[in-house]
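The values are calculated or read from the model by the stated rules, or taken from the named source; none is laboratory data. All of these numbers come straight from a predicted model, not from anything done at the bench. Using ideal geometry, Cβ is built from the backbone for each residue, glycine included, and neighbour counts are taken over all protein chains shown. To get the accessible areas, we keep the full protein, side chains included, count just its heavy atoms, and leave off ligands, DNA and RNA. Shrake-Rupley method; radii C 1.70, N 1.55, O 1.52, S 1.80 Å.
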Amino acid sequence: MKLAFLLVPAMVTALLFGTLNPKQTPPPPAPSGQEIRVLLSYQPGAASFEAKYLFPTLGLVPLGGSVQISSGPDRANLRPVVTVFADKPLTFTPQNGRLVASFEGLTFALEGVVQLKAANPAQPVLYRLLTSRPNRLSEYPGELWLELRSNGLLVVNRVDYQDYLKGVLPSEMPPHFHPEALKAQAVAARTYAFVRQQASTYWKQFGADVDDSSSEQVYHQTRRHPATDAAVEATRNQILTFEGRPIQSFFFSTSPGATASIEEVWMDRPPAPYLKGRSQTNPARVSLESESEALAFFQDWNPEGFYDAISPFWRWKLRLSREELEALLRRTLPERARLAPQFVQTPEGPLSPDAPGFELGSLQKIAVLRRTTGGYVTALEIQTSTGRYVVQRESHIRSLLRPDKALTGGNDVRLELWQGEPRLNFPSLPSAAFALQEERDERGNLLGLTFWGGGFGHGVGMSQYGALGLARRGYGYQQILEHFYPGTTLTTLNADRR
């Protein structure tokens, strides 16, 4: 009978009696640039950190070679516990303040930190996660690190840069896109990851450099594909630099005809010469100087000359009645005020939206106070019978106006696209690039608003559908990158940096 596991010989007796005192191994090396650490999410769409990232238990099957399991009180003090063969389920469960591993009817008491790595480097391992996680694939290369928290497990995937990017690219850009657009995306994604690895990110406290969601770069949401693998290999070690330093290579899905400068969209961030708003159409330039110009621009659904018009989100519209808007704002205005008080102001009114006893009252007007010349709204005013409120920053404006019947009440909310089927109950406004068309009765009372908009995403850096449009016009990936990040240099890292 084929053995399903291998115990470290000197430890068999100790394991059976629950005592462990093997020779300690050295601590894991700090990331050298060849690997990156990714915090895996359990429920990607959850609102709280605990719900999003803590696994109640972790079930997996190692594929390929055998796996060495080490454990200790922290990452610097690990000791080998057991080596298991592949292709059999392995489960980790919190129990009485410790982790317990279950394998083939045996249980092993572990400490608060666990490392899983290939026992033989020549036989790499894939970890197929059995725990249900919506919209996430289950097989991960490299190493897994588990850390016990009071309400569950943190799971970090330590992975080779090339393997990481091969998990990112098809999740961030469809594999059927033009090869030159895929190469541009590979360079942008590698640059982004390289910068985040070097920075003091929020994730460092959890033993990670990035997470696997759209908070950073989406990782392993879509299965690897030969086309995206080829783009990663073709651009191996290439990143973008400006004046010798790696850039902030932000990217997003679709522009409405222009990108935006970083300091306009995110006013709490400094300007960057390579992140300036640029028109994404030829021959016309996009320059919206008034609200009437903005409304005419977004109501024009003629795609000729626009690089991003391949995207169904290039143009969209949404109508909400006054009653729907009031139901929505009663929820989202206090929510935004609690989460980001610096971006929600109360110029008039006795109470700020996050104060006890706040009442929205009757909605009278929603007005754009400030927008970029390319169309992105950066300050929005809400006037009601109880006060006047100003919301800033594109992410808060998009979250304020979420077109979801769970917030508006009543029927499904339809987001109409310039091509393709309408989207129902979309999780947020696709972008902050929109103009407003009012409906009022004969007495001047607000009946509803139509949002005429375009684009999908924050608007800073490279537009992915714009990259596709340029590639179809004959641009190589270097030209695409220069277009979206002007003044940057394509730089090849040393061989030991990915």
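Tabulated data
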quantity	calculated
Whole-Hz couplings from phi, Karplus 6.51/-1.76/1.60, listed for the stretch 436-450; x for Gly and Pro	10, 10, 7, 10, 10, 7, 5, 8, x, 6, 5, 9, x, 9, 10
FRET efficiency, T91 to Q299 (Cβ-Cβ, R0 60 Å, nearest 0.05)	0.60
Amide H contacts under 5 Å for G142, placed H, 5+ residues apart	V125
Ranked by how many other beta carbons lie within 10 Å on average, peptides 269-275, 439-445 from highest	269-275, 439-445
Calculated Kirkwood radius over Cα pairs in Å (choose from (1) 27.2; (2) 25.0; (3) 22.7), label	(2)
Surface accessible to a 1.4 Å probe, per residue, for the residues of the stretch 84-177, Å²	40
Chain lengthening between N494 and A367 when straightened (0.36 nm per residue, less Cα-Cα)	40.6 nm
For the stretch 274-383, accessible area per residue (1.4 Å probe, heavy atoms of protein chains only), Å²	46
Quarter of Cα convex hull surface for the stretch 184-328, i.e. mean projection, nm²	13.2
Within the chain, helix-based [θ] at 222 nm, where runs of 4 or more DSSP H residues each add -39,500 (n - 2.57), nearest 500	-6500 deg cm²/dmol
For F298, net neighbour charge (Lys/Arg +1, Asp/Glu -1) across residues whose Cβ lies under 13 Å away	-1
Carbon plus sulfur fraction of accessible area for the chain, probe 1.4 Å, in percent	49
Eligible lysines near K204 by straight Cα distance, threshold 29 Å, same-chain separation 8 or greater	K23, K52, K117, K166, K183
